[in-house]
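Heads up: the structure comes next, in structure tokens.
Rule-based calculations on the coordinates, nothing more; no lab input. Because the structure is a prediction, the values reported are computed rather than measured. Heads up, the Cβs are rebuilt from the backbone with ideal geometry, glycines too, and the neighbour counts pull from every protein chain shown.
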Amino acid sequence: MSANPFFEAWTTPFEIPPFDRVETGHFREAYEAALAAHKAEIAAIVANPAPPDFDNVIAAMELAGEALKKVGGVFHNLTGTMSDEALRAVEREMSPLLARHWSEIHLNPALFARVDAVFAAREKAGYSPEQLRLVERKHKAFVRQGARLGQGERQRLGAITEELASLGVRFSQNVLKDEADYVLVLESQEDLEGLPADFRAGAAALANERSHAGKWAVSLSRGNVEAFLTHSTRRDLRETLFRQWALRGEGGGENDNGAVMARTLALRAERARLLGYATYADFKLDDTMAQNAGAVRGLLDQVWKAGRARAGAETGRLQAMIEAEGGNFPLAPHDWRHYAEKLRRAEYAIDDAELRAYFPLDRMIEAAFHVAGELFGLRFEEQKGLPLYHRDVRAFEAKDAQGRHVALFVADYFARASKRGGAWMSAMRGQQKLARDQRPIIVNVMNVARPPEGEPALLSLDEARTLFHEFGHALHGMLSDVTYPSLAGTAVSADFVELPSQLYEHWLLQPEVLRRFARHAQTGEPIPDALIDKVMAARTFNQGFATIEYCASAFVDLEMHLAGEGVDDPLAFERRVLEAIGMPDEIIMRHRSPHFLHIFSGEGYASGYYSYLWSEVLDADAFGAFEETGDIFDAQTAKRLRDFIYAAGNLRDPREAYVAFRGRLPAPDALLAKRGLVG
């Protein structure tokens, strides 16, 4: 093994991690040294004989742990994108150790005494608003992690935290293995019926990679599955692929997540009670915009009712189409996308395959960059020759209007077996101005089917939206302009963090953006105005389906975390919740529980999957601020958006932040109108 790069200062461009030198064997050694260094830094804060104040307690904690952040920024990026058994073994080992480390810090009574003293004196200390916000957030974090508990309770809480970390890793690794191990092999031309040419080419390339040369293969990445379910005319193959997709993390084998879910829910409930909350949902929602389960249920119920009515009408129309074609079967979940696409073509004359030709990946990247330039003055320049972790990964320097460095943006868009499913934003390095003016390194990950060499990657409209969505998250990280690391970027409440991403999606479908960037992959011709008109007319098409599959997942998440130990059989509980809300037989949850990574691979969205809907209330209203000016790039509105949302991190309460931008809080009406669920 080569010398460990984590023990060196990185002299790479932008101080990007030297991935060309990082080996899996480096991580254990690097983590051990980083953990020891952080423990020593915390011990020094505790042992400081000076009276506790902001600098020697709060700021000192912010400065501590830099080595740990350095290792973690690389490790967590690779476990999501370049996973193999060796890396997974390190993840299984380190996850509980890291959880124990952070738990010991938050449960250290001497450290909390110093934090508590700073908190008690905060009103008379003359702190800046940002310092005051940090003191309050730090103190609340300690309390929510059990700092006020007795010794026995602290010990139990520490053990719970450690076990939950191991369970989260086990859950995500089980799902990844289910996704990575399976491909649907298409043996003949008959198996390809209905599939577009670019999909066939990608399937042939994947088959080659998976040792099925001369055939075609479909993986379980969401983009691949949804494209196959949309276009394949082979109902038997649609059913086979859909079943494998729906049953990830289930099936009774070594990758089954049933026991993992039950134990996770029980431990979360126990921890919540130790901290004085009736349920885990009460604990989690206490630190959000929603504040309680009643508010979440109220929003979900309102949207569910409208979505359920719309989905019922959609079901009737799709069933009528099946019967008109001579089909003698009821509409099933593996049929929905196929017949919905047929209906969309019939009603709006939009063909998904035709539309994809106007959404090449490279042009959509350019479009996302262009919007950031018009709104925030950013310019992106691709950086060649950086030591990145895979040949498909690209890097771009973001500069402001004066040419100053803002951030490094890393883009990893193509699916591969080593990458977990879905799409996400992460940070290899966050922004801060405390130790130095540190600019961030932000990553976007997607799972677009990789085309054959020399061919352009074509996106569905949903994939193009996802690219804009994740880039909205990326901008939230890149534009961050705060002093303290704990308040930077996306470190905001779970039901506010989706506002910057969901809001950014709106610009994709603006005619002036489409005319400029939606260009045919082969001819370069701009998308015809007639096709833009059709896309705009079809914006609320199939929204009953989309609303139901999303809301069902949010309901199950919430009810599971309200029930806690009562969920001894998670799959049976899932069925009961769906029955109680009147789940249509023709639709399944967007994320069924055994592969619901949002809520079981970590706690970021646990009891908080509703937050996409909560943020949609905000984003539907927020884009109206631009529409009301008559200019979707209005400079004054964009400045408020940057100052109070994208650049502000967690400087203020999210309600205050939104009012500072918009002048008021929104009502759900804008969301219902956006989804076409009114009138």
Self-check item: Antiparallel content of DSSP bridges confined to the chain, in %, to 5
Solution: 80
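Indicate the gyration tensor shape class of segment 521-679 (rounded, prolate or oblate), computed on the Cα atoms with a ≥ b ≥ c the square roots of the eigenvalues: a/c under 1.5 is rounded; otherwise a/b larger than b/c is prolate and the rest oblate.
oblate
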Quiz item: Taking a ≥ b ≥ c as the square roots of the eigenvalues of the Cα gyration tensor of segment 401-455, is the shape rounded (a/c under 1.5), prolate (a/b larger than b/c) or oblate?
Solution: oblate
Quiz prompt | Partner lysines for residue 215 [C-alpha distance under 24 Å; skip if fewer than 8 residues away on the same chain] | solution = 177, 419
Quiz item: Roughly how many whole Å is it from the C-alpha centroid of segment 241-307 to that of segment 86-163?
Solution: 24
Quiz item: Taking amide hydrogens as modeled 1.01 Å from N in the peptide plane, which residues meet the under 5 Å criterion relative to residue 432, leaving out close sequence neighbours?
Solution: 438
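Give me the number: length gained by fully extending residue 628 to residue 436, i.e. 0.36 nm times residue separation minus the C-alpha to C-alpha distance, one decimal in nm.
Result: 65.1 nm gained on full extension.
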Quiz item: Where the centroid of each part is defined by its Cα atoms, how far is segment 10-49 from segment 174-210 in Å?
Solution: 41
Quiz item: Is segment 608-663 rounded, prolate or oblate when judged by the Cα gyration tensor, a ≥ b ≥ c being the square roots of its eigenvalues, rounded requiring a/c under 1.5 and prolate requiring a/b larger than b/c?
Solution: oblate
Quiz item: If you keep only loop residues by DSSP, which trypsin sites (Lys or Arg not before Pro) in segment 371-449 have at most 13 other Cβ atoms within 10 Å of their Cβ?
Solution: 384, 391, 404, 436
Exercise. For residue 69, list the aspartates and glutamates whose Cα falls under 15 Å from its own Cα; do not include residues on the same chain fewer than 8 positions away.
Key: 8, 15, 29, 32, 41
Quiz item: Using the Karplus equation 6.51 cos²θ - 1.76 cosθ + 1.60 (θ = phi - 60°), what ³J(HN,Hα) coupling, rounded to whole Hz, does each residue of segment 251-267 give in order, writing x for Gly and Pro?
Solution: x, x, x, 5, 9, 6, 9, x, 5, 4, 5, 4, 5, 4, 5, 5, 5
Practice problem: Work out, step by step, the length gained on full extension between residue 656 and residue 50: first 0.36 nm times the residue separation, then minus their alpha carbon distance; give nm to one decimal. | Solution: 214.6 nm
Quiz item: For residue 121 and residue 291, FRET efficiency with R0 = 25 Å and r from the beta-carbon atoms, rounded to 0.05?
Solution: 0.35
Quiz item: Which lysines does residue 70 reach when only Cα atoms under 18 Å apart count, and residues fewer than 8 places away in its own chain are ignored?
Solution: 39, 433
Exercise. Go through segment 164-170 residue by residue and turn each phi into a ³J(HN,Hα) via Karplus (6.51, -1.76, 1.60, θ = phi - 60°); whole Hz please, and just put x for glycine and proline.
Key: 4, 4, 5, 5, x, 5, 4
Self-check item: Under 5 Å, built H, 5+ apart or other chain: amide partners of residue 407
Solution: 398
Quiz item: If you place +1 on the Cβ of every Lys and Arg, -1 on the Cβ of every Asp and Glu, and leave all else neutral, what size is the dipole of segment 183-246 about its Cα centre, to the nearest 20 Debye?
Solution: 160
Practice problem: Quick one: what are the phi-derived ³J(HN,Hα) couplings along segment 549-558, Karplus 6.51/-1.76/1.60 with θ = phi - 60°, whole Hz, x for glycine and proline? | Solution: 5, 6, 4, 4, 5, 5, 4, 4, 4, 4
Quiz item: Just how far, in whole angstrom, is segment 359-392 from segment 550-624 if you go by their alpha carbon centroids?
Solution: 33
Quiz item: Compactness ratio of segment 183-246: Cα Rg over 2.2 N^0.38 Å, N = residue count?
Solution: 0.97
Quiz item: Looking at the chain, which longest stretch skips every one of the GluC sites (Glu not before Pro) that is in a DSSP loop with at most 10 other Cβ atoms within 10 Å, leaving the sites themselves out?
Solution: 9-253
